[in-house]
Amino acid sequence: MKEIISEKLKQIEREHDVKILFAVESGSRAWGFPSKDSDYDVRFVYVHRKDWYLSIDQKRDVIEYPINDLLDFSGWDIKKALNLFAKSNPALLEWLRSPIVYSDDLTISEELRSIGNEILSTKACVYHYLHMAKGNYRDYLQGQEVKIKKYFYVLRPILACMWLEKYKEIPPILFDDLLEIEGLEKEFLEEVNQLLIRKKQGEEFDLEPRKDVLNEFIENKIQFFEEYVKEIKEFSKVNINDLNELFRNTIEVSWKE
């Protein structure tokens, strides 16, 4: 599959006349709990030639392809990516730390990884993960019988919020690493690890009785972080001039003959 993905990335470069700066896996495969039929969610950041940016007309800054044969490709132009990086966009921060890397020329990714925690907006990230947790919890985990695999899609963002609160740094990508956060209760960890073992063994979850220990944990944490995020006081730590210079240098280096 990596060879297929690599060939598709080269095709994208040819079709759109771009250079892909880095391409990684996102979603459940990167988080460490894929299903048997999980898509390959390939995410990438690319750069156009210099002249593409020197015009007054609005241009599309996203490249997307429809899901086909378990492959889902989507990428952002470098200018869009840097603007989102300045706002601590959690999706981009996760791309930069994905454990599954398909290509990376290190022109920009190393630099962004090195300063990510320096300019991190805890408030922006907590809002993002809290919104994700609340939506999935509301939609999938409210009845007496629930879609059991959805616990992972609620617990992961809640654990990311806990990591941000406790350590004030970008949370780990792998679900297993998030479970290393200090202070998690034994009963909670036992319940989660039982589900995780089943998931990693390839079991396909269906509707099952809700896990009261997990629901109680989720409800308490959502309530806590709804108040916590309102109290976060932050000032911008982003140096736009540095990002502008990185933007210009990346264009020059990427298209250097």
Out of [x] 1, 6, 14, 18, 20, 17, 12, 7, 4, 1, 0, 0; [y] 1, 5, 12, 15, 17, 15, 13, 10, 6, 3, 1, 0, 0; [z] 1, 5, 11, 14, 14, 12, 10, 9, 8, 7, 5, 3, 1, 0, which label holds the value of P(r) over Cα pairs in 5 Å bins from 0, in percent that was computed here? [y]
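Is region 154-245 rounded, prolate or oblate when judged by the Cα gyration tensor, a ≥ b ≥ c being the square roots of its eigenvalues, rounded requiring a/c under 1.5 and prolate requiring a/b larger than b/c? Mind dumping the intermediate values first?
Details: a/c = 2.65, a/b = 1.79, b/c = 1.48.
Verdict is prolate for region 154-245.
If a/c stays under 1.5 just call it rounded; otherwise compare a/b with b/c (prolate if a/b is bigger, oblate if not). Do that for region 10-129, with a ≥ b ≥ c from the square roots of the Cα gyration tensor eigenvalues. Show your work: numbers first, answer last.
Numbers: a/c = 1.72, a/b = 1.09, b/c = 1.58.
In terms of gyration-tensor shape, oblate.
When the helix-only estimate is applied to the chain (DSSP H runs of n ≥ 4, each -39,500 (n - 2.57), divided by the residue count), what is the mean residue ellipticity at 222 nm, nearest 500 deg cm²/dmol? Kindly include the intermediate steps, with their values, before the conclusion.
Values: 12 runs with 136 residues, N = 257.
Helix-only estimate at 222 nm: -16000 deg cm²/dmol.
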Run the quick spin-label model on residue 145 and residue 67: label points 7 Å from Cα toward the beta carbon, then report their separation in nm to one decimal. 2.4
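Looking at this model, which pairs from 10/59; 36/149; 8/200; 134/230 are more than 24 angstrom apart at the alpha-carbon?
Long pairs (Cα-Cα over 24 Å): 8/200.
If Lys and Arg each add +1 and Asp and Glu each add -1, what is the summed charge of the other residues whose beta carbon sits under 12 Å from the beta carbon of residue 8?
Numbers: positive: 2, 10, 14; negative: 3, 7, 13, 15, 69, 72.
Around residue 8, the surrounding residues sum to -3.
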Mark the label point 7 Å from the Cα of residue 216 along Cα→Cβ and return the residues of region 102-141 whose backbone N is within less than 20 Å of it. 137-138, 141
PRE zone check, label point 7 Å out along Cα-to-Cβ of residue 1, amide N under 19 Å, scope region 31-45, hits 31-44
If we count every other residue with Cβ under 15 angstrom of residue 58's Cβ, Lys/Arg +1 and Asp/Glu -1, where does the sum land? +1
Percent antiparallel among DSSP beta bridges with both residues in region 1-148, to the nearest 5? 65
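Out of all DSSP beta bridges with both ends in the chain, state the antiparallel percent to the nearest 5.
Restricted to the chain, the bridges split so that about 70 percent are antiparallel.
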Quick one: Cα centre-to-centre distance for region 73-101 and region 178-257, in angstrom? 15
Label-point separation in nm, residue 105 to residue 190, each point 7 Å along Cα→Cβ: 5.4
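Since every read-out is calculated from the coordinates, none of them should be taken as a lab result. No experiment lies behind these values; they were computed from the predicted model shown. Positions of Cβ are generated from backbone atoms using ideal geometry, with glycine treated the same way; all protein chains shown enter the neighbour counts.
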